[in-house]
Every structure is written in structure tokens, then in C-alpha cells.
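Structure first, commentary second.
The values are calculated or read from the model by the stated rules, or taken from the named source; none is laboratory data. This one's a predicted model, so the numbers in the text were calculated from it and none came from an experiment. Here the Cβ is made from the backbone with ideal geometry for all residues, glycine too, and neighbour counts use every protein chain on show.
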């Protein structure tokens, strides 16, 4: 994209300079020609300064990867938590549709479903706390996001085979 933007800017400058030559402004054209190389230099400096993807890859090192620390836990709004539940529940459903007989996949999906169910409890508490002080539109959004999460979790539950949530494999032995 950088090359496309730079090319279009340089082309626009050349066209503008060519148009200025035909206008009787009285400014010598040779004074305006340095604008083109200056634009090129500024573009490369800005790209290096703000780092394009290729430049960031060169700066990546094993120490940077190992030393990476995620930001502190973000406070989830009910809408964000609902969106996360819906996304995970859809992934569970899709994973079970791909290979419903794979025992390891079923166990992992059951674990994911349990995590979604726990998040659903948190979502219900967050929604109940936010509803009394919310405006009419906010209440409608909160209820809609909770309903989406409930529906997605219900669909994921239907996709799980019977008995998948009863006990863990360690408890069956």
C-alpha cells in the first residue's frame, strides 16, 4: 500500500507541476521541481519512523517475543463479553461440525463450552448491574447482546454430543 500511495502522490505532483508550467504565474518551474524528491525523502523517513510491517519484522527478535507481556486484564463491558461468548460458541459449533467423532476435539469443545457458560454467568451479573442505571437504548443493547450470547451458547450446546458435558475423561476412569 505504501508504494501505491507514494506513486499516486508523486504522479499528482508531476501533473500539478506540468499544469503550472502552462499557467502564466511568473514563477520559474525549476524552483518547484525539488518538491518531488523532497516528497520521496519525507515519505521514506515517515515510513521508517512509524514503521511499516516489513520494518517491524526486522526489529523482531526472540528476546522481544520472550519479553512480551500482555497488558493488564481489560475490564470487559457486557457487549464485549457477549461478543466473545458468541464468537467462541460459534467456533465450538464449527469445530464439532468438522469432525464430530474426534474424542479429543469433543473434549476440548466441552471445556470451551464450560468456559463460555462461566462467562455467561459473569455476563448476566454485569448486565444486571448495568441495567438499572442505563438509558433506554443502552438497556435495549444490553438485552440484545445477552440474548445473542444465550442463543449462540444454546446452539453450541446442541452441537455437543450427548454426555460430553457429564464428566471429564479423568473422572470416568
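The single condition among (1) in a loop (DSSP other than H, G, I, E, B); (2) in contact (Cβ under 8 Å) with a residue 60 or more places away in the chain that residue 97 does not meet is (1). So is residue 71 modelled with pLDDT under 90 and in a loop (DSSP other than H, G, I, E, B) or not? In short, yes. Within the range 1-44, the set of residues being modelled with pLDDT under 75 and part of a helix (DSSP H, G or I) comprises 2, 29, 30, 31.
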